[in-house]
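Throughout, read-outs are computed from the coordinates displayed, never taken from laboratory work. Note that the structure is predicted; figures quoted are calculated from it, not measured. Don't worry about glycine lacking a Cβ; one is built from the backbone with ideal geometry, like all the others, and counts go over all protein chains shown.
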Amino acid sequence: MAHTPETRANVRRMYVEGMALTAAAACGNVSYDTAREWKRLAKERGDDWDTARAAYRISEQGIDELNKNMIEDFARLVLTTTRELDNSPIPAHEKAGVLSQLADAHAKFAKAFSRINPQFSGLSVALDTLKTVVDLLQKRDPQALRALQPHIDEIGAVLGKRYG
């Protein structure tokens, strides 16, 4: 059965807007195999439906929401790493070194991100300050750094609320 170009365009639109390909096919009254073939052929011609779908999500979600999600994802990784470090059997001085590297990575991420989104430059400065404190404590007072480590999550959350 031949389908109109409008039918193909409607299936593509529904898919790009977030509908599963099976559902878009059903709504367009075409078989899943037909929709999948249209998607494959379109990609060969340079119309990647998945790329269009991702772009639609970004535009629908808004760049601010996307930026927020990126920061939250990175912060979640930092927090997870910190918790795993807390339970790790490695010696305290090695934990302090890893924590310092983690703070450095976080500060670099925030600084780079603030160049893309100036709203986060305050967060970048705050995290850089935290890194400076961690570096100083690592060199001068490792015991104080160990005492600070359990509070890093809370400090990060406060900085995120204040500057993010």
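Thinking of the range 5-59 as a set of Cα atoms, what percent of all their pairs are more than 14 Å apart? Each step should come with its number before you reach the end.
On the way: 686 of 1485 pairs.
In whole percent, the share of Cα-Cα pairs in the range 5-59 beyond 14 Å is 46.
Based on the Cβ-Cβ distance of ALA9 and ASN69, what FRET efficiency does E = 1/(1 + (r/R0)^6) give at R0 = 41 Å, to the nearest 0.05?
Values: r = 30 Å, r/R0 = 0.73.
About 0.85, to the nearest 0.05.
Could you sort out which of LYS68/LYS139; LYS39/LYS161; LYS108/LYS139 sit more than 31 Å apart by Cα distance in this structure? Could you put the intermediate results ahead of the total?
Values: LYS68/LYS139 34 Å; LYS39/LYS161 43 Å; LYS108/LYS139 20 Å.
Distance filter (> 31 Å) returns LYS68/LYS139; LYS39/LYS161.
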